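The values are calculated or read from the model by the stated rules, or taken from the named source; none is laboratory data. Computed from a prediction, not measured in an experiment: that's the story for all the values here. Methodologically, a virtual Cβ is constructed for each residue, glycine included, from the backbone with ideal geometry; neighbour enumeration extends over all protein chains shown.
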Amino acid sequence: MPPKRTASTSSKAKRKASSPLSSAAEDSGDEVPASQSQSQSQSQRSRASKKSRLSESQSQSQSASQSQNTSSANAQPTNVVLPVNIVIPPKAESKVEGENVTRIVTWNVCGLAASQKKGFKHYIESEDPDILILTETKVNNIPVDPVLTSRFPHRYWNISEQKGYAGTAIFSKIEPKNVSYALPSHPTPNEVVKGRLVTMEFENLWLVGTYVPNAGDKLKNLSTKEEWNVHFEKYLRELDATKPVIWTGDLNVAPTELDLANPKRNWNKTPGYTESETSAFKRILNPETSEADGPQPGKLVDVWRQRNPDLRHYTYFSYRFKCREKGLGWRLDMFVVSERLVEKVLECEIRSEIWGASDHCPVMLELQGSL
């Protein structure tokens, strides 16, 4: 019997190993002609290329969709930074010929250095306020910011002694008569007041910018907040007795159930919405006195709430738990003015569209007449 022809078997195996066979051909053991093999190879490469292009196209489409998805279900912008081009309405027209209109803005920037990296200057350039109050600046030294130094010749910083904490500053195109950083009669000014208060005296009114203390996690600092409220109310009364007051900034209180998304869940449990804090705010607006106490102190008005008695608009949305996307906010930043000054207020708006450079939105007030 002639020996087996192993060479041909080896050659066949070699051809099978080197040929790009389909799985069906491999399973059947059939060889694939070279022309058919090349055709299948080209077809596979074509399908792979098409699949790759489709995958890339889908990826680009998803990326574009994500970049355009900058609004939440409640139509609130959810940018991670502010856009370059911001459109701000012009000032209201003066109701009295020859009188100025002054635009004042308050904004908790949640750290000026961080905000500067997220489009801070784009908003300031677009809004171009006459006076700007910044709270929670968290600066340790007076920074040099071209957008601030080029616009505001008068700049006043109250910096906390604790590094990276609190901080209040006012920038003005209008020179004040006097500036103060103190809360008279407070027993611990360096520990509590430092970095939280700037008062500017103008010819016709006082402007008080504050970053009011927070009652703290589990209300551990509520007693500190209560002490602040006692001395601050007294301070405002003394100022208001001489000329009208504009009090603004992050007041760290939600005055009513309309001023936060979940009032029942937070009542007497969360800083900013306790009976102690809301009652103190009400007393500032409407002092509890009798005629026997002598001359009656003037009332103050929460301007935005007076103009919008039924609306739920917020100025603060925690970065945690996607609160902005869910519309879970608090109205903590506001303008409170002497009642006799209300008739001069032309506008008061929450800049809800300004989101991305801080976890707070700015609030704007326009006032008729010279300061």
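Here is a yes/no grid of residues against (1) in contact with a strand residue (DSSP E or B) (Cβ under 6 Å, 6 or more places away or on another chain); (2) more than 29 Å from PRO287 (Cβ to Cβ); (3) not acidic (Asp, Glu):
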site: ALA114; (1), (2), (3): no, yes, yes
site: THR137; (1), (2), (3): yes, yes, yes
site: LYS163; (1), (2), (3): no, yes, yes
site: THR188; (1), (2), (3): no, no, yes
site: PHE202; (1), (2), (3): no, no, yes
site: PRO213; (1), (2), (3): no, no, yes
site: SER223; (1), (2), (3): no, no, yes
Sole miss for GLU99 among (1) surrounded by 10 or more Cβ atoms within 10 Å (Cβ to Cβ); (2) at pLDDT below 85 is condition (2)
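I'd like to verify a number: residues in region 253-264 that are over 14 Å from ASN214 (Cβ atoms) and either among the β-branched types (Val, Ile, Thr) or outside the structural domain of VAL301 (by TED's automatic domain parsing) (or both), how many?
Step one: of region 253-264, the residues over 14 Å from ASN214 (Cβ atoms) are 255-264.
Right, trim to either among the β-branched types (Val, Ile, Thr) or outside the structural domain of VAL301 (by TED's automatic domain parsing) (or both) and you get 256.
Number of matching residues: 1.
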Would you list the strands (runs of 3 or more DSSP E) that sit entirely within region 138-219 and hold 1 or more residues that are among the aliphatic types (A, V, I, L, M) and either on the phi < 0 side of the Ramachandran plot or touching a residue at least 24 places away in the same chain (Cβ under 8 Å) (or both)?
168-172, 178-180, 197-201, 206-211
Selection status of GLY356, in contact with a Pro (Cβ under 9 Å, 6 or more places away or on another chain), buried (at least 19 other Cβ atoms within 10 Å of the Cβ), within 30 Å of LYS117 (Cβ to Cβ) and among the small types (Gly, Ala, Ser)
yes
